[in-house]
Amino acid sequence: MNVAFAAGGTGGHINPALAIADKLKEVFPDTNILFIGSPDGLEAKLVKKAGYDFASVKMAGIQRKLTPHNIKLNIQAVHYYLSAGKRIKKIFSDFSPDLVIGTGGYVTGTVLKTAIKCGIKTALHESNSLPGVSVKMLAPKADLVMLGTEDAKKHLGECKKCVVTGNPLRNNIPIEEKSAARKRLGLPDCLTILSAGGSQGASRLNEAVVQLLAYEQKKGNINHIHGYGKHGRDTFMQSLEDNGVDAGNPHFIIKEYIDNMYTCMCASDLIITRAGAMTLTEIMAIGRASVLIPYPYAAENHQYYNALTLQNANAGRIIDDKELTGSVLIDTVNRLADDPELLRLMGENAAKLSKHDAAGIILREITELMGIK
C-alpha cells in the first residue's frame, strides 16, 4: 500500500502524521510512505529527521492584515496555489498513492482536493477542538474524518464519516509515580508545578512566572520547574535576579529548554502552559491539572477551544493572554494549590479525556476504509 501524507506548518499538524506513519510501518512494514509539504516549512525538517521520503510543494498562507509587504506575500501565495495542482498531480503520478491523509496546514487543502479529483481515497485527521479551514472545507468530501476530541464534532455539522480517535503520540509516554519522578529530578517530594511556553518561549508567561517564583520562594515547600524558551534567553535570568529569586533554590529547576519533559510532567501536580493540541494530549495522557494560557494569535483562536475542552471537563483553568499578570497567575495557582483534592480530581478528569491508543484506533479506521484485514 502506498500512503501519502499532507501536513505542514506546526508540530501539531506534523507530529500526528508522523505518529500515524510510524504505526502503519510497524503493523504493515511493506507500506510505502511519502510526505508532501513546503520545502521551507517545519515539515521538511521533521519528516527528513524521521527518515521518511519527502516531496516539496511551494505553499504559503494568506496574510489577513493588509500591509504593502503582506499584499506582496498574498500575491505570491496565490501564485503558489495556482501552480501547486500541476506539481501535486506529478507527485501522485510518480508515487501512485492508494490513500492520501491530511493532518492540517496550508498544504493539506490543495493536496486533498487534488486527490479527491483524481479519485484517490482520502482521510483527514484534526488534532484541535476547533477544526481548521481545510478540514471544514474537505470533511463533506473526504472518505474518512478523524478527530482528536468530541468537541471538534460540534463544528462540523452533520459529518457521517467522522470518528473520534484522539491524537496519536509518536512515543508512548513513560508514566512514573510523582515521587519517583521527583527523586529522579533531585526535587523534594512536595507540591510541584511545571510551566513552559514552548521551545520558543512566551514573554507574557515568563514575566508572570517570575512573579510566581518570587511568591513561591517566600512561601516555601513548593517545587517549580520552568522552561523559559530561547526568546527568554537574554532577559529571564536577569528578571529573576531583579525580583530576588534565587535560581539555585533546591526547589527550582529553571532551564531554557526542558529536554526531559515527560519526567517533569509526571513529577508535577499542576502544569501551566499554552494550549497546543499535542501538549494537551500529553497532559491528558499523564492525567494532570492545568492552567492554560491559549496563544492569542493561533489561527482562528483554536488554542482557546482546545483549552475550553479541558475547562469544560473541570480538568483545566483558562487565563486569557491579555489578562495574564503575575498577580492573576499567583491567585489562580494559589486557589488550586490550597485544594489538593481539587487538583487530584482535575487530574482524573483530564485522564478521562485521553484516548490512550489513538494510533491503534486510527489504524483500524484506515484498514477498514481500505478493506484490509
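The values are calculated or read from the model by the stated rules, or taken from the named source; none is laboratory data. All values derive from a computational prediction rather than experimental measurement. Quick reminder, even Gly has a Cβ in these numbers, built from the backbone with ideal geometry, and neighbours come from all protein chains shown. Side chains are part of the model used for accessible areas, which takes the heavy atoms of the whole protein and leaves out ligands, DNA and RNA. Shrake-Rupley method; radii C 1.70, N 1.55, O 1.52, S 1.80 Å.
Structural remarks
- Wholly enclosed strands (runs of 3 or more DSSP E) of region 242-293 bearing at least 1 residues of a type in the set (A, V, I, L, M) and within 15 Å of the chain's Cα centre (by Cα): 270-273, 289-292
- Total residues in region 114-127 satisfying the condition of being within 16 Å of PHE92 (Cβ to Cβ), polar (S, T, N, Q) and assigned to a loop (DSSP other than H, G, I, E, B): the figure is 0.
- Members of region 204-231 that are assigned to a loop (DSSP other than H, G, I, E, B) and either within 20 Å of PRO294 (Cβ to Cβ) or not polar (S, T, N, Q) (or both): GLY220, ILE222, TYR228, GLY229
- Residue within region 180-194 that is in contact with a Gly (Cβ under 9 Å, 6 or more places away or on another chain), under 25 Å from ILE330 (Cβ atoms), touching a residue at least 24 places away in the same chain (Cβ under 8 Å) and crowded, with 23+ Cβ neighbours inside 10 Å present: yes
- Residue match in region 209-219 (condition: without any contact (Cβ under 8 Å) to a residue 12 or more places away in the chain and under 18 Å from ASP269 (Cβ atoms)): yes
- Some residue of region 50-70 being under 23 Å from THR279 (Cα atoms) and modelled with pLDDT of 90 or more: yes
- Just one residue in the set LEU169, LEU130 is among the aliphatic types (A, V, I, L, M), in a loop (DSSP other than H, G, I, E, B), touching a residue at least 40 places away in the same chain (Cβ under 8 Å) and open to solvent by 30 Å² or more (accessible area, probe 1.4 Å); that residue is LEU169.
- Filtered residues of region 296-313 (kept if farther than 24 Å from GLY104 by Cα and open to solvent by less than 50 Å² (accessible area, probe 1.4 Å)): ALA313
- When residues of region 195-208 are limited to those that are touching a residue at least 40 places away in the same chain (Cβ under 8 Å) and surrounded by 21 or more Cβ atoms within 10 Å (Cβ to Cβ), the one farthest from the chain's Cα centre (by Cα): ALA208
- Considering residues of region 1-45 that are among the hydroxyl-bearing types (Ser, Thr, Tyr) and open to solvent by 10 Å² or more (accessible area, probe 1.4 Å) only, the residue farthest from LEU124 (Cα to Cα): SER38
- Of all residues in region 314-339 being assigned to a helix (DSSP H, G or I) and either small (Gly, Ala, Ser) or touching an Asp or Glu at 6+ places or on another chain (Cβ under 8 Å) (or both), the one that is surrounded by the fewest Cβ atoms within 10 Å (Cβ to Cβ): SER327
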